[in-house]
Structure formats: structure tokens, C-alpha cells
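Written below as C-alpha cells is the structure these notes are about.
The values are calculated or read from the model by the stated rules, or taken from the named source; none is laboratory data. Quantities reported herein were computed from a predicted structural model and do not represent experimental measurements. Ideal geometry is used to build each Cβ from the backbone, glycine not excepted, and the neighbour counts take in all protein chains shown.
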Amino acid sequence: MGILQLPRGGCTPYAGRGMGDASSAVMRTWTLCAAILLATSCMRGSTTTTTWVAEGNWVRAGTVESVQEVVRRVEGEPVVGALAGALIGGFLFHGNGRASLFGAATGAAIGAAASQGSAEYRTYQVLVRFDDGARGLFLFRDYSPFAPGGRVALTPQGLRAGG
């Protein structure tokens, strides 16, 4: 049975290097993580919907069973933006003393300002029971043109009142 021998200087990736190299590599890693966090918190998404229907003059009558309002609130996180901005600003102005403090303070202010704000989105889910027994769910943004119990008709142009 052999004896396990470790290479000289240990088995860390910073063997043979000074502590200054290790701490700067850790700082670069933290800065990269903060940049990724800040970049992903500023992303926006979008949704595209395309509907294909059969052509012709068909009509499918039904009754509105229910209308459900869904409110989605989106709020910024100024604390997270400030923290990420401070980390990035402190790294970019990596001098000693005042330069680091200035970079961190400026980054925190910019990050907090970029992360402020809120929005509210309302959608209405209209559930329709058609005369043939089938059901359909229709989504409307900002308002519902239909009320429970109302008669509706589905046509190639969409859902409309009456029927």
C-alpha cells in the first residue's frame, strides 16, 4: 500500500501565489455574481399570442358562467439594486479609502434608482359554457366586456355579446 503524497504548496488553486491574488480572485467572482444579479433584475419579458380559427360565418352561442379578475403587481427592489450597485461600484473604483467608498456610494445610488418603481396589471378570465355543453376560457386585459349570466356568441372575429 502506497503513501498518498500531496504536491508541494498544497492542493488549492492559489498554491504558490500570494494572498493578494486569492482575495482579488474572490472579489472578481463576487463582482461577476453581482453583475449577473443586477442584469437579470432589469430584464423584461413579453408574450405574443396568435390565434387561428376556421374561416366562414359560423356562430357558437353560450352563457358567461363567471368572470374572474386577476391583479398582478410588479414592484422594484431598491435594496437589491443598491447592494449590487455598491459591489460593482466598489470593484470598479478599487483604490484604497476614498476611491472605494466613492465607487460603492455612487454604485449604490445608481442601483437603487434603477430598481425603483411599480406597476399593476389586471386581466379578466371569462368562463363561457356553450350551448353544446363545452366550456371556453377567454382572457381580457384591463376590463371585462361581459358579466356573469350574459349571453355571448363566439364567431371567427372573437367573442361578442348576444347570441
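Filtered by the rule that a residue be assigned to a loop (DSSP other than H, G, I, E, B) and either surrounded by 11 or more Cβ atoms within 10 Å (Cβ to Cβ) or over 35 Å from the mean Cα position of the chain (by Cα) (or both), the range 117-133 gives 131, 132, 133.
Residues checked against (1) modelled with pLDDT under 90; (2) in the same structural domain as residue 66 (by TED's automatic domain parsing):
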position: 103; (1), (2): yes, no
position: 108; (1), (2): yes, no
position: 112; (1), (2): yes, no
position: 129; (1), (2): no, yes
position: 134; (1), (2): no, yes
position: 145; (1), (2): no, yes
position: 158; (1), (2): yes, yes
position: 161; (1), (2): no, yes
